[in-house]
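Accompanying notes for the structure given below.
The values are calculated or read from the model by the stated rules, or taken from the named source; none is laboratory data. What you see is a predicted model; the values in this text were computed from it and never measured. Here the Cβ positions follow ideal geometry from the backbone for every residue, glycine too, while neighbour counts run over all protein chains shown. Surface areas here come from the heavy atoms of the whole protein model, side chains and all, with no ligands, DNA or RNA. Shrake-Rupley method; radii C 1.70, N 1.55, O 1.52, S 1.80 Å.
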Amino acid sequence: MADSSWPRVDAIAYGGDYNPEQWPREVWLEDVALMREAGVNLVSVGIFSWAMLEPREGEYDFAWLDDIISLLHDNGISVDLGTPSVSPPAWFFHTYPEARVTDARGTVMGFGSRGMASHAAPEYREAVARMAGALAERYGDHPAVVLWHIHNEYGVPVAEDFGPRAVASWQRWLKERYVDLDGLNAAWGTAFWGQRYGEWEHVVAPAATPTIANPAMKLDWARFTDDQLRECFLIEKDAIREHASQPVTTNFMAHQSWNVDLWKWAELVDVVSDDHYLWSPDPDAHVLLSLAADLTRSVAGGKPWMLMEHSTSAVNWQGRNIAKRPGEMRRNSLAHLGRGADAIMFFQWRASRSGAEKFHSAMLPHAGTDSRLWREVVELGDDLKKVASVKGSLVEADVAVLYDWESMWAHELEWRPSDDLQFRERIRAHYERLWRDNVTVDFAHPSHDLSRYKLVVAPSSYLMTAESAANLTRYVEGGGVLLVDAFAAAVDEHDAVHPGGFMAPLKDALGVTCDEYLPLREGGSAAVVMDDGTELRFTAWAEDLKLSGAEVVATYAGGPADGAPAITRNARGEGHAWYLSAMLSTEALASVYERVYADAWVEPAGLPEGVEVVTRRGDEEDFVVVLNHGDHEVRLPMAGTDMLTGGVPVSEVTVAGGGAAVVRVPLTGQGGEA
Ligand code: GLA
């Protein structure tokens with residue numbers, strides 16, 4: 001049995017979700033032949049197969065799965081074996097109606113779609129353990145099975161359950177956390193609005209309430225829900241581990257993972273995997289792709305990760321499902337590779353004729369092999385063979401962006417000073433600034449050791465514990481440069497305002513605190529003027545700052561804080577901490593970052609507009625991935641070998657509009673053979 005943390009595939013893994021149960025057996029033969037033609041070496045099987053594997057309770061049918069796994073194995077294709085816990089069969093819900101999920105309004109979810117049963121239902125927990133155990137017992141030693149894929153995208157389509165059993169689990173969870181009700185009453189501030197609890201059984205779920213529910217309660221509810229999902233994952237993982245030792249994963253959704261704190265989840269999987277789909281309304285969706293890839297690599301602790309799903313072309317679940325342009329799938333795939341993915345996989349292998357996802361693109365489209373999409377799929381398989389030596393190399397970053405799911409959960413609760421300042425928007429604005437300046441970043445949690453970074457950016461840290469604030473202060477004192485964006489460190493882990501007021505725990509680092517938030521009316525804007533005279537427009541948000549040692553770098557001109565400090569810089573220990581109290585766009589942030597880069601000795605690479613360059617470092621060489629998202633050819637000086645065009649030595653890399661290159665640059669700095 002395998003025991004490494006990476007699935008045993010001697011190449012960049014290439015393939016996708018494979019649902020053979022949707023097709024007659026003669027199609028399977030065509031499938032494997034075409035998989036070979038495309039260079040597919042790994043497929044995910046069984047993710048939605050529970051009804052086929054256990055047609056009646058306790059009656060298993062593994063024969064078809066045996067056959068398809070053997071067929072794949074005979075053709076040199078490895079298997080990422082799914083546990084089907086995201087889609088219990090109709091009989092399960094018929095027999096155990098209490099295992100259905102109840103939403104906040106008390107509606108019980110019906111069968112006929114997909115999504116998890118109640119995470120609190122003992123019948124569900126027992127059934128998934130049995131199924132995962134049975135699969136592991138049967139396939140734990142199978143040479144084709146190189147990875148376990150537990151569940152599918154925890155947290156969607158449904159995470160929260162407000163049914164009576166979930167509420168009972170919630171009360172148990174709270175008892176463990178707070179021990180006695182005095183602790184809970186204090187943490188939640190229940191003196192407000194007369195919410196004090198005298199009995200544990202009186203603590204209900206934050207379901208439908210006449211006006212907003214206690215925010216500290218909702219924040220704990222988010223933590224509880226995440227914990228419950230992790231418990232369900234571990235039930236399956238433990239069941240697998242009784243019989244099998246292949247690595248285990250579950251597919252994350254990086255920046256789209258609303259309900260699951262990936263810092264915690266990543267510790268439980270052997271290999272991190274992620275699903276990513278472009279958001280069609282966004283013409284620069286490739287920026288969010290890079291963000292998701294960097295976030296995934298970061299939760300993986302910098303190690304290579306698997307792109308478990310993306311699409312060859314359009315998806316089917318957005319308002320307008322935009323097909324990818326020629327070359328776009330290749331660029332997307334190489335962007336993930338450049339940011340650390342050693343597996344490039346898709347949803348799904350063959351387009352489904354029936355069901356909810358028939359308009360979703362696939363590796364093998366409805367149009368068959370005489371199609372542009374198929375030709376691009378075959379070419380991509382070929383490209384990935386050419387860049388196989390990239391496997392195992394690492395991405396290095398000098399800059400970290402802080403990302404904390406708990407802060408997001410708290411920030412996104414109701415009744416904030418303004419709806420216009422949002423967690424994800426702020427993360428994106430700062431990330432995009434760094435992306436446009438071609439500065440490679442890691443993401444980090446505010447409690448992490450940050451000392452190896454030259455610059456740390458905190459775009460959205462509404463919730464910050466005193467411990468994390470102390471960690472950031474130490475980072476600055478030790479010589480780091482910190483850039484903190486607006487609405488920072490307002491509350492602690494219970495969504496309670498810090499003693500001493502907004503930003504009090506960061507006062508030493510920043511040399512400034514905030515007396516009052518001054519949001520703008522909808523559509524409003526004003527300016528801040530930098531000390532060199534540069535005027536930057538801002539929208540939505542300003543603050544009334546109180547200086548306690550910081551120098552003023554920019555002053556408000558107009559708006560509710562007219563004439564008062566807007567951007568500050570504070571010397572502390574060996575480092576500097578910046579505070580940015582106005583909401584600036586990616587464009588406006590450029591002038592601020594210019595100054596911050598200078599403080600941090602970060603040198604942005606001057607690249608033509610729309611060109612993305614990211615480097616993976618191997619033992620003896622750099623692999624430089626160049627992506628041209630623009631329409632015109634670009635040339636970049638670079639001495640190495642162009643791996644996609646047959647290892648030709650180059651002193652300059654030429655990339656056509658919409659094209660990509662991977663250049664191997666020996667660490668000696670001279671070009672050589674690929
Ligand atoms: C998700 C799911 C897949 C499929 C795709 C479609 O990522 O994991 O099963 O539904 O979306 O984009």
Having 1 or more residues that are over 30 Å from Ala542 (Cβ atoms) and touching a Lys or Arg at 6+ places or on another chain (Cβ under 8 Å) is the bar; report the strands (runs of 3 or more DSSP E) wholly within the range 563-674 that clear it. 611-617, 621-628, 634-642, 648-655, 660-666
Examine the range 182-196 for a residue that is among the β-branched types (Val, Ile, Thr) and either loosely packed, with under 15 Cβ neighbours inside 10 Å or within 16 Å of the ligand (Cβ to nearest atom) (or both), and state whether such a residue exists. no
Ile322: passes all of (1) more than 12 Å from the ligand (Cβ to nearest atom); (2) of a type outside the set (S, T, N, Q); (3) open to solvent by less than 10 Å² (accessible area, probe 1.4 Å) but (3)
Is it the case that some residue within the range 298-321 is within 19 Å of the chain's Cα centre (by Cα) and closer than 22 Å to Arg426 by Cβ? yes
Among the residues listed as Pro88, Pro84, Pro20, the single one being closer than 15 Å to Trp349 by Cα, in contact (Cβ under 8 Å) with a residue 12 or more places away in the chain and open to solvent by less than 10 Å² (accessible area, probe 1.4 Å): Pro20
If you take the residues of the range 257-289 that are more than 19 Å from Ala343 (Cβ to Cβ) and polar (S, T, N, Q), which of them is farthest from the ligand (Cβ to nearest atom)? Asn259
Only unsatisfied item for Met308, checking (1) under 23 Å from Asp31 (Cβ atoms); (2) touching a Lys or Arg at 6+ places or on another chain (Cβ under 8 Å); (3) not in a loop (DSSP other than H, G, I, E, B), is (2)
Taking the criterion of being open to solvent by 30 Å² or more (accessible area, probe 1.4 Å), outside any helix (DSSP H, G or I) and of a type in the set (Gly, Ala, Ser), would at least one residue in the range 241-262 satisfy it? yes
Give me a count of the residues in the range 2-55 that are under 27 Å from Tyr154 (Cβ atoms), more than 16 Å from the ligand (Cβ to nearest atom), charged (D, E, K, R) and touching a helix residue (DSSP H, G or I) at 6+ places or on another chain (Cβ under 8 Å). 1
Kindly indicate which of Tyr453, Tyr475 is assigned by TED's automatic domain parsing to the domain that holds Trp415 and buried (at least 24 other Cβ atoms within 10 Å of the Cβ). Tyr475
Quick check: is even one residue across the range 118-128 within 29 Å of the chain's Cα centre (by Cα), within 16 Å of the ligand (Cβ to nearest atom) and of a type in the set (Ser, Thr, Tyr)? no
Take Ala292 and tell me if it is within 14 Å of the ligand (Cβ to nearest atom), part of a loop (DSSP other than H, G, I, E, B) and open to solvent by less than 10 Å² (accessible area, probe 1.4 Å). no
